2 protein chains.
Amino acid sequence: MSFNQFITQSRQRVDRALNEHISRFDAHPRLLEAMRYSLFNGGKRVRPVLVYASAEALSEPNSCSDRAAIAVEAMHAYSLIHDDLPAMDDDHLRRGQPTCHIAFDEATAILAGDALQAFAFDLLSETTDITDTGINARIQLEMIHTLSHASGANGMVGGQSIDLAAVDQTLTINQLETMHRLKTGALISASTRLGALSTGIASDSQLQALHQYAGAIGLAFQVQDDILDVTSDTETLGKQQGADAALSKPTYISLLGVDAAKQKAQQLHEQALDVLSGFDYRADNLRHLSAYIINRRS
Amino acid sequence: MSFNQFITQSRQRVDRALNEHISRFDAHPRLLEAMRYSLFNGGKRVRPVLVYASAEALSEPNSCSDRAAIAVEAMHAYSLIHDDLPAMDDDHLRRGQPTCHIAFDEATAILAGDALQAFAFDLLSETTDITDTGINARIQLEMIHTLSHASGANGMVGGQSIDLAAVDQTLTINQLETMHRLKTGALISASTRLGALSTGIASDSQLQALHQYAGAIGLAFQVQDDILDVTSDTETLGKQQGADAALSKPTYISLLGVDAAKQKAQQLHEQALDVLSGFDYRADNLRHLSAYIINRRS
């Protein structure tokens, strides 16, 4: 299977699993509609793809990997909904579509985000089909703990808080990296760890290598985001080009310039390949993914 | 120990455990301050008290009960922060203090709520001291699943969504009960279940009885809230008296009138005592709690 086929299959797989699990909700229709709207808005599914690629690096992805893939995507979707709110980044456009609070209303957007976070933990804490995969309860707990830690005050939300405080501030490159390591890196790292844990056979050294891999590509992802913010256009991006610059947010471009930023992305890619040296051909999709991240155009 | 002593001890116990666990965060100071502000604003700790009383009905509360108590309180605190936001109920006063978005700002309030939800799951998924209590991983998973289910689209958030849509609407008494069963009842029910599960020895029939107990007192709590909204004053309540009436929200008072509402609260209390008939004296604090809920003045 080519890397492109892997990407396509992973996206189809997580969408199918998402559809199946969200159909079980018997919730207020408007709330459910807003949750679906934000989950199915043409996202690239980078985190679910990472879950599957990490599982594959060790073994076959199973139904527990599916739950992990949905959980990280639900967590990501909730964070985007809340980040886009008027009190936060005040974005009207996301992936070329009206943001959740524009398509619905602010209250519904807040609640849809809240419900998506709970949905992620709901999925990971069920025991039905996970038991069949042979994943024991202790590993399942570790998966939940990985996600809760990565998404809370010491992870994603903490990073978003630093980001908001950084508007109009000059950050050092270290401060900028800390912010991104928390804001986007933590969930990317959790995605690789969840994928590996979902196989039930991950060793500590494998988890450690994947953690380093995730650190490198997570930062590369952000550097590339900053590059695209100044070199791409609104149509290709599906969001307002130059939005970060307009908000006076510190970026790798404002700190390093475009050329040095591109060089940094390349270095991070090489670092990601290095730490995977102990894995065989089954980690090839992780290797391709790293290249994809720094070469993507939207 | 008298019931009042039990309440005081439970509050001190959960506050101590909360302090200890939140001190481990190394998060953005403003975010952490907003989380602390909302957790320690003089709340009555009804849900933690329920956790301890339910644990006590079966055995001794342990460190796993402490985690359960913090988790339900963190979840409750997050829901209040988000409910108070301008796009939701737009409340400026909570327990006599400025609400989180007034004391801080809207973005910080949204993020503090988000982080508190993650905190709840973080606490329940750790394995360190829980292992010492003899609680096995499968029970721990069941606790997490109980909380995630109670707080998401099929629980608390779903209820809040129905509540927002109900402004200026006429609900039937059944619709009103469905809304409250989700909005506040689900977390109250989860509190009793978590308390019982935390002992590691809860039987299915005991869990079922506690579920019915929680259903009765959860509804009684809401009926009493509606009664206080029209019969108390702002100072005693610590929030705006008449706020629900001003928002044209349907209440037990608007549907039943004050006298019938008081009668309903009394009936629910008797129902709560009935379903506890299979428990011995160790469930007395649950019995007292039911009486406390319908007799409270704030």
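Take residue A:51 and decide whether it is of a type in the set (Val, Ile, Thr), away from chain B (no Cβ under 14 Å) and in a helix (DSSP H, G or I).
Yes, satisfied.
Would you say residue B:107 is without any contact (Cβ under 8 Å) to a residue 40 or more places away in the chain, in contact with a Leu (Cβ under 8 Å, 6 or more places away or on another chain) and within 8 Å of chain A (Cβ to nearest Cβ)?
Judged against the criteria, residue B:107 is a match.
When the stretch A:44-103 is examined, which residues are found to be among the acidic types (Asp, Glu) and in contact with a strand residue (DSSP E or B) (Cβ under 7 Å, 6 or more places away or on another chain)?
The answer is A:84, and nothing else.
Check A:147, A:123, A:111 and return the single one that is on the phi < 0 side of the Ramachandran plot, in contact with a Phe, Trp or Tyr (Cβ under 9 Å, 6 or more places away or on another chain) and modelled with pLDDT of 90 or more.
None of the other options fit; the residue is A:147.
Given the structure, is residue B:63 closer than 18 Å to residue B:123 by Cα, of a type outside the set (Phe, Trp, Tyr) and more than 12 Å from chain A (Cβ to nearest Cβ)? Lay out the reasoning, then the answer.
Details: closer than 18 Å to residue B:123 by Cα: yes; of a type outside the set (Phe, Trp, Tyr): yes; more than 12 Å from chain A (Cβ to nearest Cβ): yes.
Here the answer is yes, as residue B:63 does meet what is asked.
Among the residues of the stretch A:32-48, write down those that are of a type in the set (Lys, Arg) and within 14 Å of another protein chain (Cβ to nearest Cβ).
A:36
Going by the conditions given, is residue B:82 surrounded by 23 or more Cβ atoms within 10 Å (Cβ to Cβ) and over 21 Å from residue B:289 (Cα atoms)?
yes
Looking at the stretch B:131-144, can you tell me whether even one residue there is under 17 Å from the mean Cα position of the chain (by Cα) and within 27 Å of residue B:34 (Cα to Cα)? Can you show your working first?
In the first step, residues of the stretch B:131-144 are kept if they are under 17 Å from the mean Cα position of the chain (by Cα); the result is B:143-144.
Add one more test, that the residue is within 27 Å of residue B:34 (Cα to Cα), and what stays is B:143-144.
Yes, the stretch B:131-144 contains at least one residue that is under 17 Å from the mean Cα position of the chain (by Cα) and within 27 Å of residue B:34 (Cα to Cα).
Output the residue which, of all residues in the stretch B:74-87 that are in a helix (DSSP H, G or I) and of a type in the set (Gly, Ala, Ser), is farthest from the other protein chains (Cβ to nearest Cβ).
My answer is B:77.
Answer yes or no as to whether residue B:127 is farther than 24 Å from residue B:80 by Cα, hydroxyl-bearing (Ser, Thr, Tyr) and facing chain A (nearest Cβ under 9 Å).
yes
Working only within the stretch B:54-63, note down all residues that are part of a helix (DSSP H, G or I) and buried (at least 24 other Cβ atoms within 10 Å of the Cβ).
B:54, B:55
Before we move on, is residue A:43 more than 22 Å from residue A:206 (Cα to Cα) and in a loop (DSSP other than H, G, I, E, B)?
Values: more than 22 Å from residue A:206 (Cα to Cα): yes; in a loop (DSSP other than H, G, I, E, B): yes.
Judged against the criteria, residue A:43 is a match.
Got at least one residue in the stretch B:16-31 being surrounded by 24 or more Cβ atoms within 10 Å (Cβ to Cβ), within 12 Å of chain A (Cβ to nearest Cβ), part of a helix (DSSP H, G or I) and of a type outside the set (Asp, Glu)?
yes
Out of curiosity, is residue A:71 closer than 22 Å to residue B:83 by Cβ, within 14 Å of another protein chain (Cβ to nearest Cβ) and not hydroxyl-bearing (Ser, Thr, Tyr)?
Details: closer than 22 Å to residue B:83 by Cβ: no; within 14 Å of another protein chain (Cβ to nearest Cβ): yes; not hydroxyl-bearing (Ser, Thr, Tyr): yes.
Considered against the rule, which asks whether it is closer than 22 Å to residue B:83 by Cβ, within 14 Å of another protein chain (Cβ to nearest Cβ) and not hydroxyl-bearing (Ser, Thr, Tyr), residue A:71 comes out as no.
Quick one: which residue in A:90, A:122 is under 19 Å from the mean Cα position of the chain (by Cα) and either more than 8 Å from chain B (Cβ to nearest Cβ) or buried (at least 24 other Cβ atoms within 10 Å of the Cβ) (or both)? Steps first, please.
Working: A:90 fails: under 19 Å from the mean Cα position of the chain (by Cα).
Just one listed residue meets the conditions, A:122.
Please determine, by comparing only the residues of the stretch B:170-204 that are part of a loop (DSSP other than H, G, I, E, B) and either within 13 Å of chain A (Cβ to nearest Cβ) or not polar (S, T, N, Q) (or both), which one is surrounded by the most Cβ atoms within 10 Å (Cβ to Cβ).
B:202
Take the residues in the stretch B:142-157 that are outside any loop (DSSP other than H, G, I, E, B) and more than 7 Å from chain A (Cβ to nearest Cβ); name whichever of them is surrounded by the most Cβ atoms within 10 Å (Cβ to Cβ).
Step one: filter the stretch B:142-157 for residues outside any loop (DSSP other than H, G, I, E, B), giving B:142-151, B:156-157.
Checking which are more than 7 Å from chain A (Cβ to nearest Cβ) leaves us with B:142-143, B:146-147, B:150, B:156.
On the way: B:142: 21, B:143: 25, B:146: 25, B:147: 31, B:150: 25, B:156: 29.
Per the stated criteria, the residue is B:147.
Which of the residues that make up the stretch B:260-295 are closer than 20 Å to residue B:207 by Cβ, surrounded by fewer than 21 Cβ atoms within 10 Å (Cβ to Cβ) and aliphatic (A, V, I, L, M)?
B:273, B:275, B:276, listed by residue number.
Listed residues A:54, A:10; which is under 25 Å from residue A:193 (Cα atoms) and touching a Gly at 6+ places or on another chain (Cβ under 8 Å)?
Answer to the check: A:54.
Give B:99, B:133 a once-over and let me know the one that is over 16 Å from residue A:114 (Cα atoms) and either facing chain A (nearest Cβ under 7 Å) or at pLDDT 95 or above (or both).
B:99
Which count do you get for residues in the stretch A:23-42 that are over 19 Å from the mean Cα position of the chain (by Cα) and not small (Gly, Ala, Ser)?
9
Quick check on this structure: which one of A:66, A:91 is in contact (Cβ under 8 Å) with a residue 12 or more places away in the chain and in a loop (DSSP other than H, G, I, E, B)?
After ruling out the rest, the residue left standing is A:91.
The values are calculated or read from the model by the stated rules, or taken from the named source; none is laboratory data. This one's a predicted model, so the numbers in the text were calculated from it and none came from an experiment. Cβ sites come from the backbone with ideal geometry, for glycine too, and all protein chains shown count toward neighbours.
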